[in-house]
Amino acid sequence: MNVSTSQASPWMTTDQAAVYLGMSPKTLAVWRCKGKGPRYHVLQDRLVRYHRKDLDGHVLASPGGGTPNVGI
């Protein structure tokens, strides 16, 4: 995800959220199945979206929380 995209909308797909957090999209999918990880929203029964504030909050609440890997 580039900086202009990240500033355009606070909503991210699973792939975008994974890049933002510096992890695999599969990890986010597993967390969703287990009821763990950052808050997410399901639109139209299938579209999963993450809000930047929810991702940031999850990082800060995690042990050793810091800032997401923006721009990596």
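Which numbered condition trips up M23, out of (1) surrounded by 12 or more Cβ atoms within 10 Å (Cβ to Cβ); (2) modelled with pLDDT under 95; (3) outside any helix (DSSP H, G or I)? Of everything listed in (1) surrounded by 12 or more Cβ atoms within 10 Å (Cβ to Cβ); (2) modelled with pLDDT under 95; (3) outside any helix (DSSP H, G or I), M23 misses just condition (2). Checking each residue in the stretch 26-44 for being among the small types (G, A, S) and surrounded by fewer than 19 Cβ atoms within 10 Å (Cβ to Cβ) picks out A29, G35. Residues in the stretch 34-65 that are over 13 Å from A17 (Cα atoms) and assigned to a loop (DSSP other than H, G, I, E, B): 9 in all.
The values are calculated or read from the model by the stated rules, or taken from the named source; none is laboratory data. Being a predicted model, the structure only gives us computed values, none of them experimental. Note that we place each Cβ from the backbone using ideal geometry, even for glycine, and neighbour counts take in every protein chain shown.
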